[in-house]
1. List the number of the failed condition for SER86; all other conditions in (1) modelled with pLDDT of 95 or more; (2) crowded, with 22+ Cβ neighbours inside 10 Å; (3) over 30 Å from ALA394 (Cα atoms) hold.
2. Mind telling me which of the residues ASP81, ASP38, ASP53 ends up being touching a residue at least 12 places away in the same chain (Cβ under 8 Å), among the acidic types (Asp, Glu), within 30 Å of ILE351 (Cβ to Cβ) and out of contact with any Gly (no Cβ under 8 Å at 6 or more places or on another chain)?
3. Kindly list the number of the only condition in (1) more than 24 Å from LEU230 (Cβ to Cβ); (2) in a loop (DSSP other than H, G, I, E, B); (3) modelled with pLDDT of 95 or more that fails for GLY108.
4. Select from the stretch 242-296 the residues that are assigned to a loop (DSSP other than H, G, I, E, B) and of a type in the set (A, V, I, L, M, F, W, C) and write down the one among them that is farthest from SER86 (Cα to Cα).
5. List pairs: first residue in the stretch 117-135 and over 25 Å from PRO61 (Cβ atoms) and assigned by TED's automatic domain parsing to the domain that holds ASP150, second residue in a loop (DSSP other than H, G, I, E, B) and among the basic types (Lys, Arg) anywhere in the structure, Cβ distance under 7 angstrom, at least six positions apart or on different chains.
6. Output the residue which, of all residues in the stretch 136-168 that are assigned to a loop (DSSP other than H, G, I, E, B) and among the polar types (S, T, N, Q), is nearest to ASP59 (Cα to Cα).
7. Does the stretch 323-334 include one or more residues that are within 28 Å of ILE400 (Cα to Cα) and in contact with a Gly (Cβ under 8 Å, 6 or more places away or on another chain)?
Amino acid sequence: MHSSRNIYKREIDFRELALTSPEFAKRLKSNDQLDFSDPDSVRQLTKSLLERDFKLAVDLPDDRLCPPIPNRFNYILWLQDLIDTSSRTGTDQYDPNREVLGLDIGTGCCAIYPLLGCSSRPRWSFIATDIDSKNVSLSQKAVSDNKLDDRIRIMQTNKDDPLIPTDKLDVESLDFVMCNPPFYESEDELLSSAEAKSRPPFSACTGAAVEMITPGGEVAFIESLLTQSLTLKTQVLWYTSMFGKLSSVSIIVQKLLDNGISNWAVTEFVQGKGTRRWAVGWSFSDWRPRSDVSRGIASLPKHLLPFPSDYKFDLQRTQKGSLGQAISKIEAEFSSFRYFRYSWFSAQSCIGYAKEDVWSRKARRKHSREQHDDPLEYKQSMRHDELVFAVEEAALGFRIDLSLQADHSVDVVIRWIKGSDQVLFESFCGMIKRKATEEVHE
């Protein structure tokens with residue numbers, strides 16, 4: 001996620017927090033540190049951070065999981081980036097007017113994700129489900145106490161319900177689904193994991209069994225979500241989940257590939273010296289997120305990482321005017337293409353769409369042959385193509401950003417914003433680089 005939006009990118013200053021929260025100050029030890037083995041201290045940390053940073057007030061029971069705020073907020077920030085960078089605008093920017101609806105599966109004791117999401121994005125709303133009646137009751141209270149009933153709907157579900165209960169949601173589509181499933185498949189696995197740790201856990205664990213154990217563990221849980229997504233497909237823009245085990249990420253991504261899903265994203269959540277978590281998202285849409293959003297686990301095998309959605313090169317030239325020359329060359333090339341539309345939304349950036357390959361030698365030969373065989377019919381079809389060609393039909397969507405550097409070189413970034421054919425994108429990038437380079441080195 002974008003680090004400038006992460007208010008917890010540095011270790012939390014407990015002394016500073018204590019100045020704003022008398023209740024938290026009571027929990028600090030003489031060295032200004034917190035006893036993370038004390039459940040009451042951990043709960044107070046969560047409550048004080050929510051109050052100071054998000055103006056949220058919550059009650060946290062002593063028999064349910066206490067959500068660590070930095071980790072949970074990291075997930076929300078990643079979701080924001082997924083939504084922003086796979087938008088049909090192609091600009092990778094946050095649209096404050098866009099209404100977004102998400103589903104939080106297993107919302108826990110205080111609907112923490114919906115609360116954080118709504119507090120940081122005014123046009124976001126949530127449906128939150130849970131199979132535990134106490135969690136449902138407590139989450140509803142948290143939503144009402146923070147006057148968010150009009151944006152967060154809490155629903156009780158049953159163990160036998162599908163994870164996305166479409167018959168109960170009463171909505172046509174969702175922008176995202178999120179979940180933080182139980183990590184363990186049995187109580188024995190939970191206990192074995194705790195015993196295997198060389199040091200005490202970072203914070204006290206107060207979770208109920210329903211929050212920590214599920215048959216088959218997190219992999220089985222997400223396999224169930226994947227199976228349902230194969231039926232719902234584009235009814236949800238992004239299906240996502242957090243993971244407690246890196247090994248689970250590899251298993252799920254391989255299953256995405258086995259099912260022919262070509263648009264996916266992975267990331268890692270790291271907060272200070274705390275526990276690492278990971279997340280996977282997948283989409284049946286061909287609107288592609290930015291590479292830093294989709295390729296966030298450096299340790300993952302290369303074949304499990306999505307294809308990069310950006311291509312960068314620079315044009316080395318010492319004399320002035322190289323930026324204008326590069327733009328002119330690109331403009332001249334684009335204007336000759338059929339089944340192709342583009343527009344400059346700033347002096348140095350354009351967004352465009354191609355219905356098919358129109359730049360390869362094969363495509364150019366076909367173009368030339370059609371022009372030669374019947375020039376009049378070709379001109380008429382060109383006008384017709386321009387009228388009927390819709391963005392949804394595009395096999396490739398792209399954005400090109402050019403910037404002049406201090407040494408008068410030009411940085412060029414080609415962003416893949418739409419499409420499922422990586423070979424087509426690579427071919428397009430190669431064509432742009434060749435044409436731009438030809439102009440610079442004439």
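1. Answer for SER86: the failing condition is (3).
2. Working: ASP38 fails: within 30 Å of ILE351 (Cβ to Cβ); ASP53 fails: within 30 Å of ILE351 (Cβ to Cβ).
Just a single option satisfies the conditions, and that option is ASP81.
3. (3)
4. Here is the first cut: in the stretch 242-296, the ones assigned to a loop (DSSP other than H, G, I, E, B) are 244-245, 259-262, 270-276, 284-286, 288-290.
Next, only the ones that are of a type in the set (A, V, I, L, M, F, W, C) stay: 261, 270, 284.
Values: ILE261: 16, VAL270: 24, PHE284: 12 Å.
It comes out as VAL270.
5. Here the result reads ARG123/ARG98; SER125/ARG151, each pair linking the stretch 117-135 to a residue that is in a loop (DSSP other than H, G, I, E, B) and among the basic types (Lys, Arg).
6. Keep residues of the stretch 136-168 that are assigned to a loop (DSSP other than H, G, I, E, B), which gives 146-151, 157-165.
Of the ones still in play, those that are also among the polar types (S, T, N, Q) are 146, 157-158.
Numbers: ASN146: 11, THR157: 22, ASN158: 25 Å.
My answer is ASN146.
7. Filtering the stretch 323-334 for residues within 28 Å of ILE400 (Cα to Cα) gives 323-334.
Filter once more, keeping what is in contact with a Gly (Cβ under 8 Å, 6 or more places away or on another chain): 334.
Yes, some residue in the stretch 323-334 is within 28 Å of ILE400 (Cα to Cα) and in contact with a Gly (Cβ under 8 Å, 6 or more places away or on another chain).
Quick grid of which residues meet (1) surrounded by fewer than 23 Cβ atoms within 10 Å (Cβ to Cβ); (2) β-branched (Val, Ile, Thr); (3) touching a Lys or Arg at 6+ places or on another chain (Cβ under 8 Å); (4) farther than 15 Å from CYS179 by Cα:
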{"position": "SER250", "(1), (2), (3), (4)": "yes, no, no, yes"}
{"position": "ASN259", "(1), (2), (3), (4)": "yes, no, no, yes"}
{"position": "VAL266", "(1), (2), (3), (4)": "no, yes, yes, no"}
{"position": "PHE269", "(1), (2), (3), (4)": "yes, no, yes, no"}
{"position": "THR275", "(1), (2), (3), (4)": "yes, yes, no, yes"}
{"position": "TRP287", "(1), (2), (3), (4)": "yes, no, yes, yes"}
{"position": "SER291", "(1), (2), (3), (4)": "yes, no, no, yes"}
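The values are calculated or read from the model by the stated rules, or taken from the named source; none is laboratory data. Just so you know, these numbers come straight off a predicted model, no measurement behind them. Here the Cβ is made from the backbone with ideal geometry for all residues, glycine too, and neighbour counts use every protein chain on show.
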